[in-house]
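The next block holds one structure in the form of structure tokens; read it before the comments.
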Amino acid sequence: MTFTKQKQEYFLFTRIKRGDDLIYVGSFQAESDELAKVYAQYIYDEEDWVEMQIVRKDAFITVRLPEPLFEKEGVN
């Protein structure tokens, strides 16, 4: 019997050169932080990034969310 780890969603932030803003580049899923590091470098290798940072989605702290575009019918 094999057990597979639950995949976590990660967000990738990068900067192309020193002094640039850290920008959101994309997201992906991985089974561990170590695999996430490998995936980030492999998937997003189109630039010669000076810095790459990943963060698990569940580590984000929400400050503000957008209001829904449409009201749901039947919900008060």
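The values are calculated or read from the model by the stated rules, or taken from the named source; none is laboratory data. Given the structure is predicted, the values throughout are model-derived calculations rather than measurements. Virtual Cβ from ideal backbone geometry, glycine too; neighbours counted across all protein chains shown.
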Which listed residue, of Ile16, Ile54, is at pLDDT 90 or above, β-branched (Val, Ile, Thr) and over 28 Å from Gln6 (Cα atoms): Ile16
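Table: residues versus (1) under 13 Å from the mean Cα position of the chain (by Cα); (2) part of a helix (DSSP H, G or I); (3) modelled with pLDDT of 95 or more.
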{"residue": "Leu12", "(1), (2), (3)": "yes, no, yes"}
{"residue": "Leu35", "(1), (2), (3)": "no, yes, yes"}
{"residue": "Thr62", "(1), (2), (3)": "no, no, no"}
{"residue": "Phe70", "(1), (2), (3)": "no, no, no"}
Residues within segment 37-60 that are of a type outside the set (Ser, Thr, Tyr) and assigned to a loop (DSSP other than H, G, I, E, B), tallied: 7
Positions within segment 25-49 being β-branched (Val, Ile, Thr) and closer than 13 Å to Phe11 by Cα, in sequence order: Val25, Ile43
All positions within segment 39-72 that are surrounded by fewer than 11 Cβ atoms within 10 Å (Cβ to Cβ) and either on the phi > 0 side of the Ramachandran plot or not charged (D, E, K, R) (or both): Tyr42, Ala59, Phe60, Ile61, Thr62, Val63, Leu65, Pro66, Pro68, Leu69, Phe70
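Quick one: which of Gln29, Gln6, Gln41 is touching a strand residue (DSSP E or B) at 6+ places or on another chain (Cβ under 6 Å), of a type in the set (S, T, N, Q) and free of Cβ contacts under 8 Å to residues at least 40 places away in the same chain?
Values: Gln6 fails: touching a strand residue (DSSP E or B) at 6+ places or on another chain (Cβ under 6 Å); Gln41 fails: touching a strand residue (DSSP E or B) at 6+ places or on another chain (Cβ under 6 Å).
Testing whether each residue is touching a strand residue (DSSP E or B) at 6+ places or on another chain (Cβ under 6 Å), of a type in the set (S, T, N, Q) and free of Cβ contacts under 8 Å to residues at least 40 places away in the same chain leaves just Gln29.
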